[in-house]
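Student: Before I ask anything, here is the structure I am working with.
The values are calculated or read from the model by the stated rules, or taken from the named source; none is laboratory data. Please read all numbers here as calculations on a predicted model, not as lab measurements. Note that we place each Cβ from the backbone using ideal geometry, even for glycine, and neighbour counts take in every protein chain shown. Accessible surface is based on the protein model in full, side chains and every heavy atom, while ligands, DNA and RNA are left aside. Shrake-Rupley method; radii C 1.70, N 1.55, O 1.52, S 1.80 Å.
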Amino acid sequence: MGASTCYTVSFRVKPHSPLRDSVLKNIRSRNTVSLFLVILLAGLTLAELPLPAYAQVEKSKTPQHVSLDRVTGARALPNGIEIRSGAAVMQVTALRDDLLRVRVGANGVLPEDASWAVLEKSRTATVAVKAETSERAVGFATAKLHVTIQRQPLAMTVTDMAGNVIAADVPEHPVEFHGTEFRVYKQSAEDEHYFGLGDKPGPLDRRNEAFTNWNTDAYGWQESTDPIYKSIPFVMTFCKGVAGGIFLDNTWRSSFDFNKELRDAYSFGSAAGPLDYYILYGPTPKEVVEEWAWMTGTTPLPPLWTLGFQQSRYSYYPEAEVRRIASRLRSERIPADAIYLDIDYQLKNRPFTVDPEKFPHFDQMIQDFKAMHLHTILITDLHIAKLPGQGYKPYDEGIAGDHFVKNPDGSVYSGEVWPGPAVFPDFTRKVSRDWWGTLYEDFSKRGIGGFWNDMNEPAIFKVASKTMPDNIQHRIEEPGFQKRVANHLEIHNIFGMENSRGTYEGLRKIAPDQRPFVLTRASYAGGHRYAATWTGDNSSTWNHLRQTTPQLINLGLSGFGLAGADVGGFAGSPQPELLTKWLEIAAFHPIDRDHTSSGTNQQEPWEDGTTQDLNVRRKFIEERYRLMSYIYTAAEEMSRTGLPMMRPLFLEFPNASKDGHPLDLTTNNEFLLGPDLLIAPSPYPDELDDYDAALPPVGWYNYWTGEPLKSGVEAGRVGNDNVPDSDLLIKLHPSVDTLPVFARGGSIIPIQPLVQSTEEKPDGPLTLRVYPPNKPGDTCEGSLYLDDGISYAFEKGQFLRLKFTCELTASGITVKIAPREGSFTPWWTQYSIEIYGATKPATSATNNGSPVTASYDSEHHHLIAVIPDESKGLELSVTY
C-alpha cells in the first residue's frame with residue numbers, strides 16, 4: 001500500500017445557530033463515529049459538549065477492564081522508571097530522595113500532569129536515581145529508597161536502606177481498572193497503623209475502618225458517620241517506629257479501606273479520574289509531616305487574635321443581642337478576641353447584605369467592638385440569591401461576568417439553600433474566583449475582621465443527594481490545567497477549597513499587608529493554604545467531646561493544623577458539666593470557639609451553671625491567654641514546617657514503646673499542644689472512674705503545681721502487649737473542675753501576664769518556666785516567636801525570635817537566653833525565670849557573672865530570678 005494521506009475538514013457555524021443549539025440540547029447517540037460527525041457539523045469543541053455526551057467520548061477511550069499484572073516493557077528514566085503492562089503505562093519517579101510519584105494510564109496515556117493540591121514546584125521537582133535491574137525485577141534507588149518492581153506478577157515494593165517496607169503492592173491484587181474505576185492494594189503488616197484522612201470520625205487509628213471521600217453536609221454526624229465535610233486522601237503509615245505516607249491525588253469520589261476487605265491489606269481507589277499517587281518516607285512521623293507540607297504548602301501564619309477565645313452561635317441577632325454578648329464578655333472578664341455573626345445578620349439570608357432592621361447601626365457596632373478589642377467574623381456562604389432585576393450586586397455582577405456554574409444545556413444552575421433559589425460561582429475558573437474575592441471589599445473596608453465560608457460542600461436543600469446534580473458543568477480555566485469542562489463528580493470535592501481560596505486571595509488583594517482569617521467547613525488536600533477549619537455540626541454529647549481529640553489530631557496530620565470544634569457542641573444543649581469540661585480542654589486546642597445551633601440554650605461561659613462553673617470556665621480561658629506566647633510560637637513553627645500545633649504523642653515520641661507501636665494507641669485522648677505540653681483528659685470524660693495516663697519516658701512536671709513526677713514514671717516504656725508498664729503510668733482521678741496537664745522535662749515554656757484580648761499589652765515581665773531534664777549533663781531548650789500579630793512586616797525582618805537553653809550540672813543549673821533575632825521590640829523589659837524541681841533555696845545565683853537574687857517558692861517547687869532584658873542575651877547560673 002502507498003502512504004496514507006490525512007485530510008482536515010473544518011466547518012464554521014454561527015454561534016447560537018439552530019444546528020448548533022440543537023446538537024447542544026439533544027445529543028443522545030451512543031455511536032462514537034456519529035457523535036464526532038455531528039460535533040464537526042455543528043462546529044463544536046469537546047469542551048462545549050453537554051457532559052453526558054462528553055463522558056461518552058471519554059468512556060470510549062477507556063478499556064472496560066485493564067489489569068497491570070505483568071511487566072511487558074520497561075524504560076529507565078533519569079528520575080525513575082516507566083513500565084508497560086500490555087496497553088497500560090505506569091511511571092514511577094522520584095521528586096526527592098524520600099518522595100515518589102506513581103502515575104498510571106490504563107489506555108497507554110498518563111493522566112494530565114496537574115493538581116489542585118500539590119504545589120507546582122514540588123510536583124515538578126526531580127532527583128537523579130540509579131537504575132537497578134535483574135532477571136526478575138526492574139527498579140531504581142534514590143539516596144534513601146529502593147524501588148523494586150517484580151516483573152510477573154507486576155508488584156512494586158518500596159523499602160528504605162535498612163530494609164523496612166514503606167509500601168508494597170499485593171501481588172494477588174494487581175492495579176486494575178474497570179471502565180473508569182480503579183483500585184490499588186498495598187500490603188499491611190499486622191502492626192501497621194494509619195492516620196490522617198482529615199476530619200473523619202472514629203478512632204485515631206484508621207486500621208479496621210473504611211472511608212469514602214465525598215464532601216457532605218452532615219448535620220449531627222455520629223462516630224460512625226461517613227462521609228462528612230472534607231476529602232483529604234492522605235494517610236500516614238506507621239510500623240515499628242518507621243513512618244511513611246500515601247496520597248491519592250484524585251478529586252472524584254474515592255475510598256480507602258484499611259483491613260476490612262482483606263485482613264492483610266489496605267486499598268484505595270476512585271470511581272473515575274487519574275490514578276496519580278505519592279509515596280512518602282520519613283522515617284520519623286515529623287519528617288513525613290514536613291514532606292506533606294513541602295508537597296501541599298503550609299498553613300499561613302494566622303493573625304494573633306484568631307488564637308484567642310471566640311464566641312459564636314447560630315445566630316446572634318438583633319444588634320442589641322450582639323452588643324449584650326460583647327459587653328457581657330468584658331464585664332465578666334472573660335478574655336476574648338472574636339464574636340461571630342451567622343446568617344441572621346443578612347437581609348433574607350442573602351450573602352453580602354446586612355438587614356437594616358435587625359442591625360440599624362451595623363457599621364458603628366463593628367467600630368464599637370474594635371474599640372473593645374473584639375474582632376467581628378461574618379458568615380458569607382457561597383450560594384448567591386437568585387434575584388434578577390432586583391439590584392442585588394452579587395447576582396447581577398455574576399450574571400454579567402458569566403461566573404456561575406451551569407446545567408448541561410448551558411443555562412445557569414439554580415438550587416435551593418438558605419436564601420431560597422440560589423446560584424453558585426464557578427470556582428474552578430480563576431477569573432470567577434477573582435471576581436468572588438472582590439465581593440469582600442465592602443465588608444473589609446467597614447472593619448470586618450474575618451470571614452466564615454460555610455455550606456460549601458456544596459450543600460443544597462430539598463434534594464436527596466444534599467448537593468448539586470452529578471452532571472452540573474464546571475469550567476476548568478486555571479493556570480497549569482488543560483482548559484475544559486468537567487462535571488460535578490470531578491469538582492465536588494474541591495468546590496469548598498476553591499471557594500475558600502477565592503476568599504483568601506481576594507482578601508490578600510484588598511488589604512495586602514493584613515493577614516486574612518478565613519474559616520471553611522469543606523475542603524480538599526492543600527486547602528489549609530487558604531483557610532482554617534472546624535469539625536462541623538457536632539452534637540452536645542460527651543461522646544462528641546471525646547471525638548474531638550482524634551478528629552483534630554488527624555486534621556493536623558493532614559495539613560489542617562489550625563482547626564477546632566464547636567465547643568459545647570452544635571446540635572443540642574450541653575449539660576453544665578459537659579460545657580465546663582469542653583471549655584477546659586478546648587483552651588488547649590488550636591482554635592477555641594464556643595458555638596451552638598439555633599433553638600438551643602444559651603451557651604456562653606456564664607450560662608447554664610453555677611458561679612463555680614463560671615469561675616472554672618474563666619480560669620481555663622485565662623490560662624490560654626497566659627500561654628499565648630507559647631501558642632503563637634507553635635503557630636509560627638507550623639507556618640514554616642507544617643508541624644501541627646496539636647499533636648499526637650507519637651509525633652514527638654515515635655520510639656516511646658518497646659515494640660514500636662504509637663503510644664497514643666495505649667492511652668486514649670491524650671495529646672500535645674506544641675512540643676512540650678501534654679494534656680491528659682479522661683478517655684471517657686463522663687465516667688467517674690480513675691484512669692491511667694501513659695507518659696513518654698522523658699520526665700514530666702505537673703503544669704499546675706510545678707511538682708516533678710516521681711522518677712519511676714520516667715523510666716519505662718510501653719510493653720508489646722499494649723498494657724503499659726506500671727512505672728510509665730500515673731493514676732488520675734477525674735473531676736469537673738480540673739484537667740491534668742504536664743510539662744515536658746527539658747523544656748522552657750514562656751508565660752505572659754493575663755490580658756483580656758491579644759491586642760492588650762501585657763503588664764509585667766515575661767516568665768520563662770524552666771523544667772530541668774533528668775540528670776546532670778542533660779540539656780533543655782525552648783523558643784519564642786513574636787511580631788505585630790497582624791501584618792506581613794515579619795517577612796521583612798520585623799519579628800522577634802528568642803532561643804532558650806539550660807544545662808543541668810551536679811551542683812545546679814545554667815539557663816541561657818540567646819541574643820534577639822529580628823528587629824521587633826517586645827512588650828516586656830524583664831524576665832522572670834522560674835526553675836522548677838528545686839527542693840531548697842539557692843546558695844548563689846549570677847547573671848553573666850554578676851550576683852542576682854533568686855527566691856525560693858517551696859509550694860510550687862521552683863526558684864525565681866527577675867532579670868532585666870537588655871536584648872543581648874543572658875546567662876543565669878544557679879547553685880543549690
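Student: Please give, to one decimal in nm, the separation of the simple spin-label points placed at Ala271 and Thr611, each 7 Å out from Cα toward the Cβ.
Tutor: 5.9 nm
Student: Here's something else I'd like to know. Work out the P(r) tail for region 612-664: percent of alpha carbon pairs separated by more than 14 Å, whole number.
Tutor: Numbers: 926 of 1378 pairs.
Of the Cα pairs, 67 percent sit more than 14 Å apart.
Student: I would also like to ask the following. Using +1 at the C-beta of Lys and Arg and -1 at the C-beta of Asp and Glu, which of Ala117, Val147, Gly202 has the Cα lying farthest in the positive direction of the dipole of region 109-261?
Tutor: Positive-most Cα among the choices belongs to Val147.
Student: Using a 1.4 Å probe on the protein chains only, how many percent of the accessible area of the chain belongs to carbon and sulfur? Display every interim value, and only then the final one.
Tutor: Working: 16520 of 32900 Å².
Of the solvent-accessible surface of the chain, carbon and sulfur hold 50 percent.
Student: Here is a further query. In whole Å, what are the extents of region 391-480 along the principal axes defined by its C-alpha atoms, from largest to smallest?
Tutor: 39, 32, 29
Student: What residues have an amide H closer than 5 Å to that of Leu77, excluding those fewer than 5 places away on the same chain, when H is modeled at 1.01 Å from N in the peptide plane?
Tutor: Hits under the 5 Å cutoff: Glu82.
Student: While we're on this one: Hey, what D do you get for the chain in µm²/s if you plug the Kirkwood alpha-carbon radius into Stokes-Einstein at 37 °C and 0.692 mPa s?
Tutor: On the way: Rh = 29.2 Å.
Rounded, D is 112 µm²/s.
Student: Over region 439-509, what per residue volume does the convex hull of the Cα atoms give, in whole Å³? Numbers along the way, then the final one.
Tutor: Working: hull volume 7.7 nm³, N = 71.
Roughly 109 Å³ of hull volume per residue.
Student: Out of every Cα-Cα pair in region 137-260, what percent are more than 25 Å apart? Walk me through the intermediate numbers first.
Tutor: Working: 2376 of 7626 pairs.
The answer is 31 percent, as a whole percent.
Student: How far, in degrees from 0 to 90, does helix 628-641 lean away from the longest principal axis of the Cα atoms of the chain, to the nearest 10?
Tutor: Helix 628-641 sits at roughly 40 degrees to that axis.
Student: Can you tell me the 0 to 90 degree angle between the C-alpha axis of helix 488-510 and the longest principal axis of the chain, rounded to 10?
Tutor: Roughly 50 degrees, rounded to the nearest 10.
Student: With the contact rule set at Cα under 8 Å and sequence spacing of 6 or more, what percent relative contact order holds for region 135-231? Walk me through the intermediate numbers first.
Tutor: Values: 143 pairs, mean separation 13.9, N = 97.
Dividing the mean separation by the residue count of region 135-231 yields 14 percent.
Student: Between the helical axis of 542-557 and the dominant principal axis of the chain, each derived from Cα atoms, what acute angle in degrees is found, rounded to the nearest 10?
Tutor: Approximately 70 degrees, to the nearest ten.
Student: Okay, moving on. Got the relative contact order for the chain handy, in percent, Cα pairs under 8 Å and 6 or more residues apart?
Tutor: On the way: 2169 pairs, mean separation 80.3, N = 880.
Across the chain, relative contact order equals 9 percent.
Student: What is the projected area of the convex hull of the Cα atoms of region 535-688, averaged over all directions, in nm²? Write down the numbers at each step before the final one.
Tutor: Details: hull surface 37.5 nm².
Convex hull of Cα atoms, orientation-averaged projection: 9.4 nm².
Student: Would you work out if region 62-173 is rounded, prolate or oblate? Take a ≥ b ≥ c from the square roots of the eigenvalues of the alpha-carbon gyration tensor; rounded if a/c is under 1.5, else prolate when a/b is larger than b/c, oblate otherwise.
Tutor: Numbers: a/c = 1.70, a/b = 1.08, b/c = 1.57.
Here region 62-173 falls in the oblate category.
Student: State to the nearest 20 debye the size of the charge dipole of the chain about its Cα centre, where the only charges are +1 on K and R beta carbons and -1 on D and E beta carbons.
Tutor: On the way: 85 positive and 109 negative charges, 569 e Å.
It comes to approximately 2740 debye.
Student: If I take the Cα coordinates of region 205-316 and project them onto the principal axes, what are the three extents in Å, biggest first?
Tutor: Here the Cα extents, ordered largest to smallest, are 51, 31, 29 Å.
Student: Next up: List every residue whose amide H lies under 5 Å from the amide H of Glu477, counting only residues 5 or more places away in sequence or on a different chain, with H placed 1.01 Å from N in the peptide plane.
Tutor: Placed amide hydrogens put Arg429, Lys430 under 5 Å from Glu477.
Student: Continuing with this model, one more query. Accessible area per residue, 1.4 Å probe, Å², for region 274-431: what's the number? It would help to have the intermediate numbers written out before the result.
Tutor: Working: 5080 Å² over 158 residues.
Heavy-atom SASA per residue in region 274-431 reads 32 Å².
Student: Whole-Hz Karplus ³J(HN,Hα) for region 515-526, in order, using 6.51 cos²θ - 1.76 cosθ + 1.60 and θ = phi - 60°, x for Gly and Pro?
Tutor: Per residue, the Karplus-derived 3J(HN,Hα) values read 5, x, 10, 10, 10, 10, 8, 9, 6, 9, 3, x Hz.
Student: Considering only protein heavy atoms, what per residue accessible area in square angstrom results for region 57-176 with a 1.4 angstrom probe?
Tutor: Values: 5360 Å² over 120 residues.
Normalised by residue count, the accessible surface of region 57-176 is 45 Å².
Student: Separate question: Using a 1.4 angstrom probe, figure out how much accessible area region 446-504 has per residue, in square angstrom, rounded to the nearest whole. Before the final figure, lay out the partial values.
Tutor: Details: 1770 Å² over 59 residues.
Ligands and nucleic acids excluded, the result is 30 Å² per residue.
Student: Express the C-alpha Rg of region 330-372 as a ratio against the empirical globular expectation 2.2 N^0.38 Å, rounded to two decimals. Intermediate values should be presented prior to the final figure.
Tutor: Numbers: Rg = 12.3 Å, N = 43, 2.2 N^0.38 = 9.2 Å.
That ratio works out to 1.34.
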